[in-house]
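Worksheet for the structure shown next.
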Amino acid sequence: MRPRRRLAVLVCDLLAASLPAPNRDWARAARAEVAAIDDDAEALAFALETLWGLGLAGVRCRLLQLAVWVGGCDREDQAMVRLGGLDRARLWPRALGVFSAIGAGAVGLAYLAAAGAPGRYLAINVAALLVGLAALAIVGRLLSTKRARSESVMLWLGLTLFGVAAYGVGLGGATRWLRLGGLAVQPSLVILPMMTVSFARSRTTAGTLAMVLAAAALALQPDPAMSGALCAGLAAALALRPDRLGLIALLGGVAGFDVAVTRAEALPATPFVDDVLTSAFELHPLLGLTVLGATGLLLTPGLLGGLRDGRAQAAYGAFGAVWGSTLAAAAIGPYPTPVIGYGGSAIIGYLLSLAMLPPKVPWPAGADINAAVDEPTPTNLHPRLSAS
Amino acid sequence: MARARSLSTHARTVLAALLEAGGAWSHGYDLARRAGIKSGTLYPLLIRLESQGYLEAEWQQPAEGGKPPRHAYRLTDEGLRLARDNPVQAAPLPSLAQASES
């Protein structure tokens, strides 16, 4: 076989490898066309063009499949992720959050490197990202099969925060940390976002008690930033789905916040953890803007999910409010910048909170799943087709 | 069933090329040439059209031996309606004869 022809066949093999399994016939189709073209140069050009357009779309789709799997979706859901199917990240809130965490985490690593942080800090953030992804995969699957047990889990989580206030590591009048293997872990950052989003989605008496316990624990620690995040999340959830239990939890949260603010002492800013946004702008305006963009990226699962999924708007709202207020607090005060600054607790907490969001947004009842996707592909070359 | 809302120029061009073929089957390479678009644009579009029921596809044995079966496409009734409702707004497509001469 002549070199160009051989190369064209190789490109077709690459195309087949890049496509999700249900779309592989299209690589076979392209290969048959290449075989039908007499001119070798023309055949190679056809193969390369197809790889560039279809192959890249296939790779993006396979990455989405992986993120959907990490999000804890079952095989049936994963099978829907194919070209021509549900192949948009915004239809999969947890998967979108996985991409957001990885993207913001990468920006964070760039910031830490540019700011001269020790290499150990970068390694810890990467390790936390891997642990968080594994935790999301496990918790996401557990929740889909053992939803009924989440009430007792919520209570235990609330009590854990109390335990931290009583037996945790203290610094400057605050007791928010646990020391695990030489690392300082902030359990409120790991637990609280997950608890708030879970409560926003499914409110029970036990869940309300757990939220009030968490609010009291944050007041005792004291942790005004997380206490504020709790209030923001509960307020968003109540505004989007008002009910008595939501109001009780919010009142508990506000009382806890009041105490936390009164008791808290000003802590000095920790390099690479606090004041990340200001520090990034001081290093370079472009880095500052990138960090700012990364903070917005972290909020996309809540914003886009809320726009598309009317059934769980309270959960998306709570997710956006918890992380939005945490990021806002970090921007204006000496508080940790989640996922971007140094610190594994927030990275794990962000990924765990994704597990409390629905795995996918709904499509119109009775509509064919393929027809429900009506937006252009990421290459922006395709039509807008919609289900009627 | 699905209907058109706001089709891209590429989608309209491909639909027009398929419409012009009438009920005849088209192959990817010929279709790309007739529509004047890259194959990397054409195939994702064909996948979407097929998954939404506008296009039917089948494997056809080649006339000459030694070549693999080719994937061929034509519009379904829904696809024909979609193509008629969304004509190309720019310059007309080259005819099948012109395309084969070029």
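The values are calculated or read from the model by the stated rules, or taken from the named source; none is laboratory data. Keep in mind that what you see is a predicted model, and the values were worked out from it rather than measured. Every residue, glycine among them, receives a Cβ derived from its backbone with ideal geometry; neighbour counts consider all protein chains shown.
Do you know which residues across region A:193-251 are free of Cβ contacts under 8 Å to residues at least 40 places away in the same chain and not in a helix (DSSP H, G or I)?
Residue satisfying the conditions is A:Pro242 alone.
Is it the case that A:Trp92 is under 20 Å from B:Ile47 (Cβ atoms), under 15 Å from the mean Cα position of the chain (by Cα) and away from chain B (no Cβ under 14 Å)?
Working: under 20 Å from B:Ile47 (Cβ atoms): yes; under 15 Å from the mean Cα position of the chain (by Cα): yes; away from chain B (no Cβ under 14 Å): yes.
Yes: the conditions hold for A:Trp92.
Need the failing condition index for A:Asp74 against (1) in the same structural domain as A:Arg60 (by TED's automatic domain parsing); (2) modelled with pLDDT of 95 or more, just the number.
If we test A:Asp74 against (1) in the same structural domain as A:Arg60 (by TED's automatic domain parsing); (2) modelled with pLDDT of 95 or more, just (2) comes out false.
A:Val185: touching a residue at least 40 places away in the same chain (Cβ under 8 Å) and under 23 Å from the mean Cα position of the chain (by Cα), yes or no? Give the steps one after another, and end with the answer.
Numbers: touching a residue at least 40 places away in the same chain (Cβ under 8 Å): yes; under 23 Å from the mean Cα position of the chain (by Cα): yes.
Yes, satisfied.
Mind checking whether some residue in region A:257-278 is modelled with pLDDT of 95 or more, under 30 Å from A:Ser202 (Cβ atoms) and within 27 Å of the chain's Cα centre (by Cα)?
Yes, the conditions are met somewhere in region A:257-278.
Give the residues of region A:6-26 that are among the aliphatic types (A, V, I, L, M), assigned to a helix (DSSP H, G or I) and in contact with a Gly (Cβ under 8 Å, 6 or more places away or on another chain), sorted by residue number. Full working, then the answer.
Of the residues in region A:6-26, the ones among the aliphatic types (A, V, I, L, M) are A:7-11, A:14-17, A:19, A:21.
Narrowing further to those that are assigned to a helix (DSSP H, G or I): A:7-11, A:14-17, A:21.
Of everything in region A:6-26, those that are among the aliphatic types (A, V, I, L, M), assigned to a helix (DSSP H, G or I) and in contact with a Gly (Cβ under 8 Å, 6 or more places away or on another chain) turn out to be A:Leu14, A:Leu15.
Select from region A:19-54 the residues that are surrounded by 24 or more Cβ atoms within 10 Å (Cβ to Cβ) and among the β-branched types (Val, Ile, Thr) and write down the one among them that is farthest from the other protein chains (Cβ to nearest Cβ).
If we take residues in region A:19-54 being surrounded by 24 or more Cβ atoms within 10 Å (Cβ to Cβ) and among the β-branched types (Val, Ile, Thr), then A:Val34 is farthest from the other protein chains (Cβ to nearest Cβ).
Go through (1) small (Gly, Ala, Ser); (2) in contact with a strand residue (DSSP E or B) (Cβ under 9 Å, 6 or more places away or on another chain); (3) surrounded by fewer than 23 Cβ atoms within 10 Å (Cβ to Cβ) one by one and return the number of the condition B:Gly65 breaks.
Failed condition: (2).
Can you confirm whether B:Glu58 is in contact with a His (Cβ under 9 Å, 6 or more places away or on another chain), surrounded by fewer than 22 Cβ atoms within 10 Å (Cβ to Cβ) and more than 20 Å from A:Glu49 (Cβ to Cβ)?
Details: in contact with a His (Cβ under 9 Å, 6 or more places away or on another chain): yes; surrounded by fewer than 22 Cβ atoms within 10 Å (Cβ to Cβ): yes; more than 20 Å from A:Glu49 (Cβ to Cβ): yes.
Taking the combined requirement at face value, the residue satisfies it.
Looking at region B:51-61, which of its residues are in contact with a strand residue (DSSP E or B) (Cβ under 9 Å, 6 or more places away or on another chain) and either of a type in the set (S, T, N, Q) or at the interface with another protein chain (Cβ under 7 Å from one of its Cβ atoms) (or both)? Don't jump to the end; show me each part of the working.
As a first pass, look at region B:51-61 and keep what is in contact with a strand residue (DSSP E or B) (Cβ under 9 Å, 6 or more places away or on another chain): B:52-61.
Correct list: B:Gln52, B:Gln60, B:Gln61.
Out of the residues in region B:32-50 that are of a type outside the set (A, V, I, L, M) and either under 9 Å from the mean Cα position of the chain (by Cα) or more than 8 Å from chain A (Cβ to nearest Cβ) (or both), state the one that is surrounded by the fewest Cβ atoms within 10 Å (Cβ to Cβ). Break it down into steps so the answer makes sense when it comes.
Of region B:32-50, the ones of a type outside the set (A, V, I, L, M) are B:33-34, B:36, B:38-41, B:43-44, B:48, B:50.
So of that shortlist, the ones also either under 9 Å from the mean Cα position of the chain (by Cα) or more than 8 Å from chain A (Cβ to nearest Cβ) (or both) come out as B:33-34, B:36.
Details: B:Arg33: 17, B:Arg34: 24, B:Gly36: 14.
Among them, the one singled out is B:Gly36.
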